[in-house]
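Have a look at this one before I ask anything.
The values are calculated or read from the model by the stated rules, or taken from the named source; none is laboratory data. Because the structure is predicted, anything quoted here is derived from the model rather than measured. Methodologically, a virtual Cβ is constructed for each residue, glycine included, from the backbone with ideal geometry; neighbour enumeration extends over all protein chains shown. Side chains are part of the model used for accessible areas, which takes the heavy atoms of the whole protein and leaves out ligands, DNA and RNA. Shrake-Rupley method; radii C 1.70, N 1.55, O 1.52, S 1.80 Å.
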Amino acid sequence: MGIVFGPVPSRRLGVSLGVNNIPVKICTYSCVYCQIGRTIKMIGERKAFYEPFQIRTEVSNVLRKLSKENIHVDYISFVPDGEPTLDKNLGKEIELLRDFEIPVAVLTNSSLLSREDVQNDLFEADLVSLKIDAVTEEIWKKVDRPLGTLDIGEILEGIKTFTRNFKGKVITETMLINSIDYKEEAEKIAGFIAHLNVNEVYVAIPTRPPAEKWVKPPPEEVINYVYQKFAGHIGESKVKLLTAFEGTSFYPPGSIENALLEITSVHPMREDAVKELLEKRGVDWSFVEKMLKQGELIEIEYLGRKYYMRKLPTRR
Ligand code: SF4
(Lines give C-alpha, C1' and ligand atoms only; values in the text may rest on other atoms or scores of the structure.)
Protein backbone atom coordinates (compact mmCIF):
# COMPACT_ATOMS: atom_id res chain seq x y z
CA MET A 1 0.00 0.00 0.00
CA GLY A 2 1.33 3.46 -0.90
CA ILE A 3 0.94 6.55 1.26
CA VAL A 4 -2.47 7.36 -0.21
CA PHE A 5 -5.04 4.69 -1.02
CA GLY A 6 -8.69 4.41 -2.01
CA PRO A 7 -11.14 5.95 -1.84
CA VAL A 8 -12.85 3.11 -0.02
CA PRO A 9 -16.46 2.94 1.24
CA SER A 10 -16.73 2.96 5.02
CA ARG A 11 -19.90 2.84 7.07
CA ARG A 12 -18.37 5.12 9.64
CA LEU A 13 -16.79 7.61 7.28
CA GLY A 14 -18.67 7.38 3.99
CA VAL A 15 -16.25 7.68 1.04
CA SER A 16 -12.84 7.72 2.66
CA LEU A 17 -9.49 8.51 1.08
CA GLY A 18 -6.89 6.68 3.17
CA VAL A 19 -3.54 8.06 4.30
CA ASN A 20 -1.00 5.45 5.34
CA ASN A 21 1.40 7.57 7.40
CA ILE A 22 3.15 4.60 9.11
CA PRO A 23 5.35 2.03 7.33
CA VAL A 24 4.10 -1.55 7.66
CA LYS A 25 3.72 -2.60 10.51
CA ILE A 26 4.85 -0.40 13.33
CA CYS A 27 2.49 -0.27 16.25
CA THR A 28 2.22 0.03 20.02
CA TYR A 29 -0.07 -3.01 20.00
CA SER A 30 -0.03 -6.42 18.40
CA CYS A 31 -3.77 -7.14 18.51
CA VAL A 32 -4.63 -10.80 18.13
CA TYR A 33 -7.27 -9.88 15.54
CA CYS A 34 -5.13 -7.44 13.52
CA GLN A 35 -5.86 -7.90 9.83
CA ILE A 36 -2.35 -6.76 8.87
CA GLY A 37 -0.77 -9.60 10.86
CA ARG A 38 1.54 -9.59 13.85
CA THR A 39 3.35 -6.35 14.62
CA ILE A 40 6.84 -6.31 13.13
CA LYS A 41 8.15 -3.43 15.17
CA MET A 42 6.68 -2.40 18.51
CA ILE A 43 7.64 1.09 19.57
CA GLY A 44 6.26 3.58 22.05
CA GLU A 45 8.18 6.68 21.05
CA ARG A 46 6.94 8.97 18.31
CA LYS A 47 9.05 9.41 15.18
CA ALA A 48 8.98 11.16 11.83
CA PHE A 49 8.32 8.69 9.00
CA TYR A 50 7.50 10.81 5.94
CA GLU A 51 7.86 14.43 4.94
CA PRO A 52 4.50 16.14 5.69
CA PHE A 53 4.67 17.92 2.30
CA GLN A 54 5.12 14.57 0.54
CA ILE A 55 1.84 13.39 2.06
CA ARG A 56 0.12 16.62 1.06
CA THR A 57 1.40 16.33 -2.53
CA GLU A 58 0.29 12.71 -2.86
CA VAL A 59 -3.18 13.49 -1.49
CA SER A 60 -3.43 16.46 -3.82
CA ASN A 61 -2.53 14.33 -6.87
CA VAL A 62 -5.17 11.72 -6.04
CA LEU A 63 -7.84 14.35 -5.30
CA ARG A 64 -7.17 16.00 -8.66
CA LYS A 65 -7.71 12.68 -10.46
CA LEU A 66 -10.87 11.96 -8.45
CA SER A 67 -12.30 15.38 -9.16
CA LYS A 68 -11.85 14.78 -12.93
CA GLU A 69 -13.94 11.63 -12.50
CA ASN A 70 -16.49 13.52 -10.36
CA ILE A 71 -15.77 11.32 -7.33
CA HIS A 72 -16.60 13.01 -4.05
CA VAL A 73 -14.61 12.24 -0.89
CA ASP A 74 -16.26 12.53 2.56
CA TYR A 75 -13.11 12.13 4.66
CA ILE A 76 -9.36 12.06 4.28
CA SER A 77 -8.57 9.38 6.87
CA PHE A 78 -5.38 8.39 8.64
CA VAL A 79 -5.81 4.60 8.72
CA PRO A 80 -2.28 3.27 8.36
CA ASP A 81 -0.72 -0.20 8.64
CA GLY A 82 0.17 0.63 12.24
CA GLU A 83 -0.63 3.25 14.87
CA PRO A 84 -1.06 6.72 13.28
CA THR A 85 -0.20 8.71 16.43
CA LEU A 86 3.32 7.24 16.43
CA ASP A 87 3.96 9.73 13.64
CA LYS A 88 5.23 12.87 15.30
CA ASN A 89 4.33 14.94 12.25
CA LEU A 90 0.67 13.96 12.43
CA GLY A 91 -0.53 17.41 13.57
CA LYS A 92 1.44 19.15 10.83
CA GLU A 93 0.16 16.72 8.20
CA ILE A 94 -3.47 17.31 9.20
CA GLU A 95 -2.86 21.04 9.11
CA LEU A 96 -1.50 20.80 5.55
CA LEU A 97 -4.45 18.66 4.43
CA ARG A 98 -6.86 21.37 5.64
CA ASP A 99 -6.19 23.20 2.34
CA PHE A 100 -8.41 20.68 0.56
CA GLU A 101 -11.44 21.59 2.69
CA ILE A 102 -12.31 17.94 3.24
CA PRO A 103 -12.84 16.73 6.83
CA VAL A 104 -9.89 14.78 8.24
CA ALA A 105 -10.33 11.63 10.36
CA VAL A 106 -7.79 9.69 12.45
CA LEU A 107 -8.41 6.09 13.54
CA THR A 108 -6.20 5.50 16.57
CA ASN A 109 -5.78 2.62 19.01
CA SER A 110 -5.80 5.27 21.83
CA SER A 111 -2.61 3.90 23.38
CA LEU A 112 -0.72 7.20 23.32
CA LEU A 113 -3.63 9.43 24.30
CA SER A 114 -2.19 10.16 27.72
CA ARG A 115 0.48 12.25 25.94
CA GLU A 116 -0.24 15.93 25.55
CA ASP A 117 1.54 16.17 22.18
CA VAL A 118 -0.64 13.35 20.80
CA GLN A 119 -3.80 15.03 22.08
CA ASN A 120 -2.74 18.33 20.52
CA ASP A 121 -2.15 16.66 17.16
CA LEU A 122 -5.54 14.95 17.28
CA PHE A 123 -7.25 18.26 18.13
CA GLU A 124 -6.44 19.23 14.52
CA ALA A 125 -8.70 16.49 13.15
CA ASP A 126 -12.45 16.67 12.50
CA LEU A 127 -13.16 13.11 13.58
CA VAL A 128 -11.23 10.77 15.83
CA SER A 129 -12.04 7.09 16.22
CA LEU A 130 -10.82 5.60 19.50
CA LYS A 131 -10.22 1.91 20.04
CA ILE A 132 -11.55 0.74 23.42
CA ASP A 133 -11.35 -3.06 23.34
CA ALA A 134 -11.12 -3.46 27.11
CA VAL A 135 -10.87 -1.49 30.33
CA THR A 136 -9.55 -4.37 32.45
CA GLU A 137 -5.81 -4.91 32.26
CA GLU A 138 -5.95 -8.68 31.86
CA ILE A 139 -8.36 -8.56 28.91
CA TRP A 140 -6.58 -5.59 27.33
CA LYS A 141 -3.29 -7.53 27.45
CA LYS A 142 -4.88 -10.64 25.99
CA VAL A 143 -6.66 -8.90 23.10
CA ASP A 144 -4.37 -5.97 22.22
CA ARG A 145 -1.00 -7.35 23.41
CA PRO A 146 0.38 -3.88 24.21
CA LEU A 147 3.95 -2.70 24.51
CA GLY A 148 5.16 -3.42 28.05
CA THR A 149 5.63 0.26 28.95
CA LEU A 150 1.97 1.13 28.33
CA ASP A 151 -0.48 1.45 31.18
CA ILE A 152 -4.23 0.92 30.75
CA GLY A 153 -5.08 3.33 33.59
CA GLU A 154 -3.12 6.14 31.92
CA ILE A 155 -4.71 5.39 28.56
CA LEU A 156 -8.23 5.56 29.98
CA GLU A 157 -7.41 8.84 31.73
CA GLY A 158 -6.01 10.14 28.41
CA ILE A 159 -9.23 9.17 26.63
CA LYS A 160 -11.27 11.03 29.25
CA THR A 161 -9.19 14.21 28.96
CA PHE A 162 -9.12 14.10 25.19
CA THR A 163 -12.85 13.62 24.72
CA ARG A 164 -13.56 16.41 27.22
CA ASN A 165 -11.56 18.92 25.23
CA PHE A 166 -11.92 17.80 21.60
CA LYS A 167 -14.33 19.89 19.54
CA GLY A 168 -14.77 17.42 16.67
CA LYS A 169 -16.68 14.19 16.31
CA VAL A 170 -15.61 11.18 18.41
CA ILE A 171 -16.46 7.60 17.69
CA THR A 172 -15.34 4.54 19.61
CA GLU A 173 -14.75 1.02 18.41
CA THR A 174 -14.74 -2.09 20.57
CA MET A 175 -13.67 -5.32 18.90
CA LEU A 176 -15.19 -8.49 20.29
CA ILE A 177 -13.46 -11.82 19.89
CA ASN A 178 -14.05 -15.40 20.96
CA SER A 179 -12.52 -16.82 24.15
CA ILE A 180 -12.98 -13.60 26.13
CA ASP A 181 -15.49 -13.49 28.97
CA TYR A 182 -17.47 -10.29 28.37
CA LYS A 183 -19.96 -10.89 31.18
CA GLU A 184 -18.52 -8.19 33.42
CA GLU A 185 -16.24 -6.49 30.94
CA ALA A 186 -19.12 -5.38 28.67
CA GLU A 187 -20.72 -3.53 31.57
CA LYS A 188 -17.40 -1.95 32.53
CA ILE A 189 -16.56 -0.78 28.99
CA ALA A 190 -20.12 0.52 28.52
CA GLY A 191 -19.97 2.36 31.86
CA PHE A 192 -16.67 3.95 30.87
CA ILE A 193 -17.87 5.06 27.41
CA ALA A 194 -21.18 6.33 28.82
CA HIS A 195 -19.29 9.06 30.68
CA LEU A 196 -17.41 10.22 27.61
CA ASN A 197 -18.45 12.86 25.15
CA VAL A 198 -18.85 10.60 22.10
CA ASN A 199 -21.07 10.69 19.01
CA GLU A 200 -21.14 7.05 17.92
CA VAL A 201 -20.15 3.78 19.52
CA TYR A 202 -19.32 0.75 17.39
CA VAL A 203 -19.22 -2.85 18.50
CA ALA A 204 -17.14 -4.71 15.93
CA ILE A 205 -16.19 -8.29 15.18
CA PRO A 206 -13.25 -9.58 13.13
CA THR A 207 -14.32 -9.86 9.52
CA ARG A 208 -10.95 -10.36 7.81
CA PRO A 209 -8.20 -12.94 8.43
CA PRO A 210 -6.72 -12.19 11.88
CA ALA A 211 -3.08 -12.18 13.05
CA GLU A 212 -3.77 -15.29 15.14
CA LYS A 213 -5.59 -18.20 13.56
CA TRP A 214 -7.63 -19.01 16.69
CA VAL A 215 -9.37 -15.64 16.62
CA LYS A 216 -13.02 -15.74 15.57
CA PRO A 217 -16.08 -13.59 16.16
CA PRO A 218 -17.82 -14.53 19.42
CA PRO A 219 -21.21 -16.27 19.21
CA GLU A 220 -24.21 -14.10 18.27
CA GLU A 221 -25.50 -14.45 21.85
CA VAL A 222 -22.36 -12.74 23.14
CA ILE A 223 -22.57 -9.98 20.52
CA ASN A 224 -26.19 -9.36 21.45
CA TYR A 225 -25.34 -9.39 25.17
CA VAL A 226 -22.61 -6.77 24.70
CA TYR A 227 -24.84 -4.72 22.40
CA GLN A 228 -27.63 -4.69 25.00
CA LYS A 229 -25.24 -3.65 27.77
CA PHE A 230 -23.85 -0.86 25.62
CA ALA A 231 -27.32 0.28 24.48
CA GLY A 232 -28.51 0.26 28.10
CA HIS A 233 -25.68 2.47 29.34
CA ILE A 234 -24.96 4.64 26.33
CA GLY A 235 -28.30 4.79 24.49
CA GLU A 236 -29.51 2.69 21.58
CA SER A 237 -29.30 5.54 19.08
CA LYS A 238 -25.51 5.80 19.49
CA VAL A 239 -24.58 2.10 19.51
CA LYS A 240 -24.13 0.18 16.27
CA LEU A 241 -22.78 -3.19 15.28
CA LEU A 242 -20.01 -3.34 12.71
CA THR A 243 -20.32 -6.71 11.06
CA ALA A 244 -19.26 -8.04 7.69
CA PHE A 245 -22.48 -6.83 6.15
CA GLU A 246 -21.88 -3.23 5.30
CA GLY A 247 -24.70 -2.38 2.96
CA THR A 248 -24.53 -5.65 1.06
CA SER A 249 -27.60 -7.70 0.45
CA PHE A 250 -28.68 -9.95 -2.36
CA TYR A 251 -32.32 -8.96 -1.94
CA PRO A 252 -33.68 -5.99 -3.92
CA PRO A 253 -33.54 -2.66 -2.10
CA GLY A 254 -36.80 -1.91 -0.36
CA SER A 255 -37.81 -5.57 0.04
CA ILE A 256 -38.80 -6.75 3.51
CA GLU A 257 -35.96 -9.32 3.56
CA ASN A 258 -33.49 -6.62 2.71
CA ALA A 259 -34.86 -4.29 5.40
CA LEU A 260 -34.68 -7.03 8.05
CA LEU A 261 -31.15 -8.05 7.10
CA GLU A 262 -29.85 -4.49 6.93
CA ILE A 263 -31.34 -3.46 10.27
CA THR A 264 -30.39 -6.63 12.13
CA SER A 265 -26.80 -6.44 10.96
CA VAL A 266 -26.51 -3.07 12.74
CA HIS A 267 -28.90 -3.50 15.70
CA PRO A 268 -30.34 -6.73 17.06
CA MET A 269 -34.13 -6.20 16.75
CA ARG A 270 -36.57 -6.98 19.51
CA GLU A 271 -39.50 -9.22 18.61
CA ASP A 272 -42.04 -6.40 18.94
CA ALA A 273 -40.01 -4.15 16.61
CA VAL A 274 -39.84 -6.93 14.01
CA LYS A 275 -43.60 -7.45 14.29
CA GLU A 276 -44.22 -3.74 13.84
CA LEU A 277 -42.08 -3.65 10.71
CA LEU A 278 -43.85 -6.69 9.26
CA GLU A 279 -47.24 -5.18 10.01
CA LYS A 280 -46.36 -1.95 8.26
CA ARG A 281 -45.45 -3.94 5.16
CA GLY A 282 -48.53 -6.17 5.42
CA VAL A 283 -46.37 -9.29 5.83
CA ASP A 284 -46.95 -12.05 8.37
CA TRP A 285 -44.59 -13.81 10.78
CA SER A 286 -43.99 -16.74 8.44
CA PHE A 287 -41.47 -14.49 6.68
CA VAL A 288 -39.26 -14.42 9.74
CA GLU A 289 -39.67 -18.16 10.18
CA LYS A 290 -38.52 -18.68 6.61
CA MET A 291 -35.47 -16.49 7.15
CA LEU A 292 -34.64 -18.35 10.37
CA LYS A 293 -34.94 -21.66 8.55
CA GLN A 294 -32.74 -20.46 5.70
CA GLY A 295 -30.09 -19.45 8.23
CA GLU A 296 -30.25 -15.74 7.45
CA LEU A 297 -31.53 -14.64 10.83
CA ILE A 298 -30.92 -16.00 14.29
CA GLU A 299 -33.23 -15.82 17.31
CA ILE A 300 -31.64 -14.99 20.65
CA GLU A 301 -33.20 -14.80 24.12
CA TYR A 302 -32.00 -12.01 26.38
CA LEU A 303 -33.58 -11.14 29.73
CA GLY A 304 -36.76 -12.99 28.83
CA ARG A 305 -37.21 -11.26 25.47
CA LYS A 306 -36.54 -12.48 21.96
CA TYR A 307 -34.14 -10.65 19.66
CA TYR A 308 -33.36 -11.20 16.00
CA MET A 309 -29.92 -10.77 14.51
CA ARG A 310 -28.43 -11.34 11.14
CA LYS A 311 -26.53 -14.61 11.25
CA LEU A 312 -22.78 -14.14 10.95
CA PRO A 313 -21.26 -15.41 7.70
CA THR A 314 -18.84 -17.65 9.58
CA ARG A 315 -21.79 -19.60 10.94
CA ARG A 316 -23.78 -19.98 7.75
S1 SF4 B 1 -3.74 -1.29 16.94
FE2 SF4 B 1 -4.49 -1.58 14.89
S3 SF4 B 1 -2.66 -1.78 13.61
FE4 SF4 B 1 -2.01 -2.03 15.73
S5 SF4 B 1 -2.04 -4.23 16.05
FE6 SF4 B 1 -4.04 -3.44 16.72
S7 SF4 B 1 -5.38 -3.63 14.94
FE8 SF4 B 1 -3.25 -3.84 14.20
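Once ligands and nucleic acids are excluded and a 1.4 Å probe is used, how much of MET42 is accessible, expressed in Å² to the nearest 10?
Accessible area of MET42: about 70 Å².
In whole Å, how far is the Cα centre of the range 206-246 from that of the range 48-118?
Cα centroid to Cα centroid, the span is 28 Å.
Principal axis extents for the range 169-226, Cα atoms only, whole Å, descending order, please.
35, 24, 16
Go through GLY254, PHE49, GLY191 and say which Cα lies farthest out towards the positive end of the charge dipole of the chain; charges sit on Cβ, +1 for Lys and Arg, -1 for Asp and Glu.
Checking the options against the dipole of the chain, the answer is GLY254.
Going from the alpha-carbon gyration tensor of the range 174-316, what semi-axes, largest first and in whole Å, does one get by taking the root of 5 times each eigenvalue? Walk me through the numbers on the way to the answer.
Details: eigenvalues 130, 67, 39 Å².
One finds semi-axes of 25, 18, 14 Å for the range 174-316.
Quick check for you: with a 1.4 Å probe and neighbouring chains kept, what is the accessible area per residue of the range 255-316, in Å²?
Heavy-atom accessible area per residue stands at 54 Å².
Now for a separate question. Can you give the FRET efficiency for ILE43 and GLU138, using 1/(1 + (r/R0)^6), R0 = 22 Å, r = Cβ-Cβ distance, to the nearest 0.05?
Working: r = 24 Å, r/R0 = 1.08.
The computed FRET efficiency comes out at 0.40.
Determine the relative contact order of the chain: mean sequence separation of Cα pairs under 8 Å and six or more apart, normalised by residue count, in whole percent. Spell out each step's value before the answer.
Values: 553 pairs, mean separation 43.3, N = 316.
Relative contact order, the chain: 14 percent.
Oh, and also: Given the options SER265, SER114, SER60, which has the most mean-square fluctuation in a GNM of the chain, springs set between C-alpha atoms less than 10 angstrom apart?
SER60
Can you tell me the accessible area per residue over the range 1-137, all protein chains present, probe 1.4 angstrom, in square angstrom? Working shown, then result.
Working: 5790 Å² over 137 residues.
Ligands and nucleic acids excluded, the result is 42 Å² per residue.
Would you list which lysines come within 25 Å of LYS41, measuring only between C-alpha atoms, while excluding same-chain residues fewer than 8 positions from it?
LYS25, LYS88, LYS92, LYS131, LYS141, LYS142, LYS213, LYS216
Find the percent of Cα-Cα distances in the chain that exceed 28 Å, and round it to a whole number. Don't jump to the answer; show the numbers that get you there.
Numbers: 21321 of 49770 pairs.
Taking all Cα-Cα pairs of the chain, the fraction more than 28 Å apart is 43 percent.
Treat every Asp and Glu Cβ in the range 4-242 as -1 and every Lys and Arg Cβ as +1, leave all other atoms uncharged, and give the resulting dipole magnitude about the Cα centre to the nearest 20 debye.
Numbers: 31 positive and 34 negative charges, 96 e Å.
Charge dipole of the range 4-242: 460 debye, to the nearest 20.
Could you list, by residue number, the cysteines of the chain that have no other cysteine's beta carbon within less than 4.7 Å of their beta carbon?
CYS27
Could you size up the charge dipole of the range 255-316 around its Cα centre, putting +1 on the beta carbon of Lys and Arg and -1 on that of Asp and Glu, and report it in debye to the nearest 20? Could the numbers behind the result be given before it?
Values: 12 positive and 11 negative charges, 46 e Å.
In total the dipole reaches around 220 debye.
With a ≥ b ≥ c taken as the square roots of the eigenvalues of the C-alpha gyration tensor of the range 130-247, please select rounded if a/c is under 1.5 and otherwise prolate if a/b is larger than b/c or oblate if it is not? Don't skip to the answer; put the middle values down first.
On the way: a/c = 1.57, a/b = 1.14, b/c = 1.38.
Because a/c hits 1.5 or more and a/b fails to exceed b/c, the range 130-247 counts as oblate.
Across 5 Å bins from 0, what is the distribution of all Cα-Cα pair distances for the range 255-316, in whole percents?
Histogram of Cα-Cα distances, whole percents per bin: 4, 19, 32, 29, 12, 4, 0.
Looking at the chain, which longest stretch skips every one of the chymotrypsin sites (Phe, Trp or Tyr not before Pro) that is in a DSSP loop with at most 12 other Cβ atoms within 10 Å, leaving the sites themselves out?
Longest stretch, sites excluded: 1-213.
Sticking with this one: Mind listing the long-range amide H neighbours of GLU173? Cut-off is under 5 Å, sequence gap 5 or more, other chains count too, H placed in the peptide plane at 1.01 Å from N.
HN-HN under 5 Å from GLU173: LEU130, LYS131, ILE132, TYR202.
Comparing ASN120, ASN165, ASN89, which has the greatest mean-square fluctuation in the GNM of the chain with Cα pairs linked when under 10 Å apart?
Checking each option, the largest mean-square fluctuation is seen for ASN165.
For the range 9-162, which semi-axes, largest first and in whole Å, follow from the square roots of 5 times the eigenvalues of its Cα gyration tensor?
On the way: eigenvalues 153, 48, 43 Å².
Taking √(5λ) for each Cα gyration eigenvalue gives 28, 15, 15 Å.
For the range 3-83, what mean projected area does the convex hull of the alpha carbons give, in nm²?
Details: hull surface 23.3 nm².
For the range 3-83, the mean projected area of the Cα convex hull comes to 5.8 nm².
If you don't mind, another one. Just to confirm the number: angle between the C-alpha axis of helix 256-266 and the first principal axis of the chain, 0 to 90 degrees, nearest 10?
50
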